[in-house]
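K.L.:
Here's a structure for you.
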Amino acid sequence: MQKTGIRILTTAAAVAGSVLLAAAPAGAAPYWQTVSTNSNWSCAATVVHTARAGVGFQACIVRNANDDAQVVLVVVNNSSSAVTVSGTVTSEFAAEASCSTYSLAAGERRGCFGTTAHVPDCEYGAGVPDDGAQTYGGTVRLTVNGVANSMNSPKTDCIQVLEG
């Protein structure tokens, strides 16, 4: 009987922990994370960082089915040795996030994930542009060996709210 009670408590604790993790936002700053893209990702072209040939970076925006989004800084080190990187992610719809200094090994790819937030609703009425100007994105800044480069992320559309 005592073993069954312990087993039930252990199972309940595991389920509660899983629920808490599932509810957490996807932002991972200040730590560099592995990157796995899918159809929810829209990324700018990779650009070579001015501080080191072979180090490329790009700005991405990730939007899920719940209309939550985040900007992500992705960096890849195709050079022959490690580089020291740090990053900052800003967006037009969420708080700024920074990623700590990290030694990016040769051949390694990592992401600095910005804060996850709900994409704003579209605005309607007099004086509000109706030409697709209601889009949201962000800016990433990658520092490699003390030299900073920046780029803008792709944009995502505002949320169409049907009036009825």
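Just so you know, all these numbers are worked out from the coordinates, no wet-lab data involved. Just so it is clear, the model here is predicted, and its values are computed rather than measured. Virtual Cβ from ideal backbone geometry, glycine too; neighbours counted across all protein chains shown.
K.L.:
Report the extension gain between ASN40 and HIS118 in nm, rounded to one decimal, defined as 0.36 nm multiplied by the number of residues separating them, less their alpha carbon distance.
P.N.:
Stretched out fully, the ASN40 to HIS118 stretch lengthens by 26.6 nm.
K.L.:
For HIS118, what is the net charge nearby, where nearby means another residue's Cβ is under 10 Å from its Cβ and Lys, Arg count +1, Asp, Glu -1?
P.N.:
The answer is -3.
K.L.:
Please work out the ratio of the alpha-carbon Rg of the range 36-103 to 2.2 N^0.38 Å and round it to two decimals.
P.N.:
Computed over Cα atoms of the range 36-103, the ratio equals 1.22.
K.L.:
Next question, about the same structure. Starting from the Cα-Cα distance between ASN149 and THR84, subtract it from 0.36 nm times their residue separation and give me the gain in nm to one decimal.
P.N.:
So the chain would gain 22.0 nm between ASN149 and THR84.
K.L.:
Amide H neighbours of GLU108 under 5 Å, counting only residues 5+ apart in sequence or on other chains, H built in-plane at 1.01 Å?
P.N.:
ASN77
K.L.:
Per residue of the range 102-113, what does 6.51 cos²θ - 1.76 cosθ + 1.60 with θ = phi - 60° give for ³J(HN,Hα)? Whole Hz please, x for Gly and Pro, Karplus curve as stated.
P.N.:
For the range 102-113, the Karplus-derived couplings read 9, 8, 8, 5, 4, x, 8, 10, 9, x, 9, 8 Hz, x marking Gly and Pro.
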